[in-house]
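**Q** Dumping the structure here so I can ask a few things about it.
Throughout, read-outs are computed from the coordinates displayed, never taken from laboratory work. Predicted model, so just to flag it, every value in this text is computed and none were measured. Cβ coordinates were reconstructed from backbone atoms using ideal geometry, including for glycine residues, and neighbour counts include every protein chain displayed.
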Amino acid sequence: MKRIVVACILLSLFVFGACPVCGAYGITTERQDWLHDTADALRAMGVSEDSEEIKSLQRLWWAEQEDLDIIAKTVMHEADPAYCEWEHSLSVAVVILNRVASPYFKGDTVKEIVAAPGQYLKAYTYGFENTTELCYLVAKAAKDGDHNVPADAFWQDTNRQGCYVWKEFLLDTGWYKSTTYICCGIPGVKS
């Protein structure tokens, strides 16, 4: 039992200590929590830390963390929740996830969607140093499905795209004004 407790403490230090931003905030998705709990249950049953089952759960946990990191950073650069409405920031995060799930966009991962030419490259190429806890909370809500953004919301831009505008958000900081449209559908494709 003592070895299991020590293993859990070491794993939590590894998980939260290795990622400077997520370690600072301790924000994880529901899926990460489930993966962590499953690994703990296996450990309690005597499954070795070196087992393929535990290693597989750890790889999945880190893949989920990478998605969370990239979405949070993209939200920071596209619709910083410090200046934008929560729903605006959340919509940007969900648009990324909707594109991952759609067969109409090139890329099967958050990383591929964000790094696609002409998309979020500016956000993708900057570092994490300014990514705030609020951005991580937005990314978590999107990953956990805590939103009402339609599954066919694929566009977020200052121009109207797709088939129809789902929502428009006005940003007015006093020194900067813009309107962002969250648009749905792909022209010529039935939803």
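**Q** Applying 1/(1 + (r/R0)^6) with R0 = 30 Å to the Cβ-Cβ distance of Thr109 and Trp175, what FRET efficiency is obtained, to the nearest 0.05?
**A** After rounding, the FRET efficiency stands at 0.25.
**Q** Apply the Karplus parameterisation 6.51 cos²θ - 1.76 cosθ + 1.60, with θ equal to phi minus 60°, to every residue of region 153-163 and state each ³J(HN,Hα) to the nearest whole Hz, in sequence, with x for glycine and proline.
**A** Once rounded to whole Hz, the list reads 7, 10, 10, 9, 6, 7, 10, 6, 9, x, 9.
**Q** Something else: By per-residue mean of other Cβ atoms within 10 Å, what is the highest-first order of 44-56, 173-185, 132-144, 78-90?
**A** Values: 44-56: 12.0, 173-185: 14.5, 132-144: 21.5, 78-90: 19.4.
Per-residue mean Cβ counts within 10 Å order the peptides as 132-144, 78-90, 173-185, 44-56.
**Q** Within the set of other residues whose C-beta is less than 11 Å from the C-beta of Lys167, count the net charge using Lys and Arg as +1 and Asp and Glu as -1.
**A** With Lys, Arg at +1 and Asp, Glu at -1, the net is -3.
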